[in-house]
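Data first, discussion second: the structure below is written as structure tokens.
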Amino acid sequence: MSFSTDRPRSWQTCIACGNETVDIDPATRCRQCGGLLEVRHRAPDITRDELLRRFTERRGGPRGAGATSGVWRFRELVMPSAELIVSHPEGNTPLLHRTALDEYTGIPELLLKHEGYNPTGSFKDRGMTVGVTQAVRIGARAVACASTGNTAASLAAYAAQARLAALVLVPAGGVAAGKLAQAVAYGAQVFAVRGDFDDSMRLVEESGARLGVYLLNSVNPYRIEGQKTIILELLQQLAWEPPAWIVVPAGNLGNLSAFGKALRELRDYGVISRIPRLVGVQAAAAAPFAAGFADGFRTRHTVRAETVASAIRIGNPASWDRAVQAIRETDGIVLTATDDEILDAKAAVDRAGIGCEPASAAAVAGARQLARTGRIAPGERVVAVLTGHLLKDPGLPATEPVAIEPTVSALERAIDAAARD
Ligand SMILES: *Cc1c(COP(=O)(O)O)cnc(C)c1O
Ligand SMILES: [Zn+2]
């Protein structure tokens, strides 16, 4: 029996005006008001325990397309109607703990969810597997994005797997070498825009419809669905016992939005009863969202962004409205870290034998600030998300080794000289 009030399994809703559209609508903004879209799913028609049992079973399940993906393991909460999945697979990233970083930050137990372990080296793969699966689902021929680098690398890889053409716009001179190399190697058409990321973003949004490409920046609500699984997976790793705080670098604000949505849904489905506080960390000279937080989000801020952390060098973040909701609903905080603090935190993560790219270290710098200003109570557990791999940005800090002649005495002299430095 079916009722006229029955909902489809998934649909899209504009978070600004409430306008609804079908799940396979290729528009990545509201057709009525231009607002941001959000994917909604009917609550799974199984119990909470059955849902968690499936997640557990799939975690150790057989290898094969999607089977051990840390994204598709949670498909009921991500894209329940997916059939032809484009998966590397991705996710299944570790939750690391190092005493050296507890000492550095002053946090009793700091856990690091290292998203640099994804196939192209950043969390962007979690959103991209869902975004490119959706592209195939709606019959797109070509996909596109503007990028500070990691979205480009990820889009290029998943588009190649799905045999779709990929168009990438990057800010000229504003992308780390490792990321650009990936996008080119995977076969994307890459153009360097004379301008910054915000100019590239505006251009790809303005030209997308005209060029007939499906836009896969994180304005695309399916990217957000995939990125929710950072939260799902880390909570599964903690036996569904939420930490007190989750700290993440904040640039275009896709992750903050995804984290807020994931936590809201998990609470609504009865999986968790307590919501962790989200902390977004921006670079001090690329901090429009922190300025918004400071004035209670009364106005929307934009800045000309400048920071060594190129992945968060963004002055006009696309997912602003969704991220405001995430901060409000989780009693969240937005902090800033200076470039010096970011590079200092990166050195600490690197020396602990873990390593990450500069933007990722903003999370550790932010966690350290929280502890130093006494906002973390004794016994509170903190998870910081490391968003990208060390090798993404190998030029920071400069690493030219001292050149020596191939003799034992030259080596000895060089070692002595280095020890004196
Ligand atoms: C994309 C990216 C970010 C920024 O994430 P948003 O979701 O845009 O806020 C941070 N760090 C790295 C390494 C990234 O690639
Ligand atoms: Zn709308």
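Just so it is clear, none of the values below were taken in a lab; they were calculated from the coordinates. Source: prediction; values computed, not measured. Ideal geometry is used to build each Cβ from the backbone, glycine not excepted, and the neighbour counts take in all protein chains shown.
Summary table below
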read-out	value
Loop-resident sites, the stretch 268-336, for trypsin sites (Lys or Arg not before Pro), counting at most 12 other Cβ within 10 Å (DSSP)	ARG274, ARG298, ARG304
Loop trypsin sites (Lys or Arg not before Pro), the stretch 348-379, which have at most 15 other Cβ atoms in a 10 Å radius of their Cβ (DSSP)	ARG375
Approximate spin-label separation ARG42-PHE191, in nm, with each point projected 7 Å along Cα-to-Cβ	4.3
Size of electric dipole in the stretch 263-421: Cβ of Lys, Arg +1 and of Asp, Glu -1, about Cα centre, debye, nearest 20	800
Mean-position separation - Cα centroids, the stretch 139-200 and the stretch 280-349, in angstrom	23
Contact order relative to length of the stretch 1-42, as percent, for alpha carbon pairs under 8 angstrom and 6 or more apart	44
Along the chain, longest interval not containing exposed chymotrypsin sites (Phe, Trp or Tyr not before Pro), exposed being DSSP loop plus at most 15 other Cβ atoms within 10 Å	4-239
Base-10 log of normalised Debye intensity for the stretch 285-421 (one unit scatterer per alpha-carbon) at q = 0.09, 0.12, 0.13, 0.19 Å⁻¹	-0.39, -0.61, -0.69, -1.19
Rg/Rg_ref, the stretch 15-115, where Rg_ref = 2.2 N^0.38 Å and atoms are Cα	1.47
Largest-first principal axis extents, alpha carbons of the stretch 363-421, Å	55, 27, 15
Over the stretch 124-220, relative contact order from alpha-carbon pairs under 8 Å, at least 6 apart, %	34
Per-selection Kirkwood Rh - the stretch 1-42 (Cα, Å, 1 d.p.)	10.8
Crossing angle, helix 408-420 versus the chain [Cα axis fit, 0-90 degrees, rounded to tens]	80
Degrees, to the nearest 10: 358-372 long Cα axis against longest axis of the chain	90
Coil-residue GluC sites (Glu not before Pro) of the stretch 82-189, DSSP, other Cβ within 10 Å capped at 10	GLU83
Selected from SER409, GLY374, SER310, residue furthest toward positive end of dipole (the stretch 305-421; charges at beta carbon)	GLY374
Rounded if a/c under 1.5, otherwise prolate or oblate - the stretch 124-220, Cα gyration tensor axes	oblate
Antiparallel DSSP beta bridges within the chain, percent to nearest 5	30
The stretch 142-199: radius of gyration over Cα atoms, expressed as a fraction of 2.2 N^0.38 Å	0.99
Residues ASP340 and ALA377, FRET efficiency given R0 of 35 Å [Cβ-Cβ distance, rounded to 0.05]	0.80
In Å, descending, principal axis extents of the Cα set of the chain	86, 50, 50
Difference of contour (0.36 nm per residue) and Cα-Cα distance, ILE415 to ASP350	21.2 nm
Only Lys, Arg (+1) and Asp, Glu (-1) charged, at Cβ; the chain dipole about Cα centre in debye	1040
Positive-pole candidate from LEU155, GLY178, ALA291, dipole of the chain, charges at beta carbon	LEU155
Relative contact order, percent, the stretch 170-226 [alpha-carbon distance under 8 Å, six or more residues apart]	32
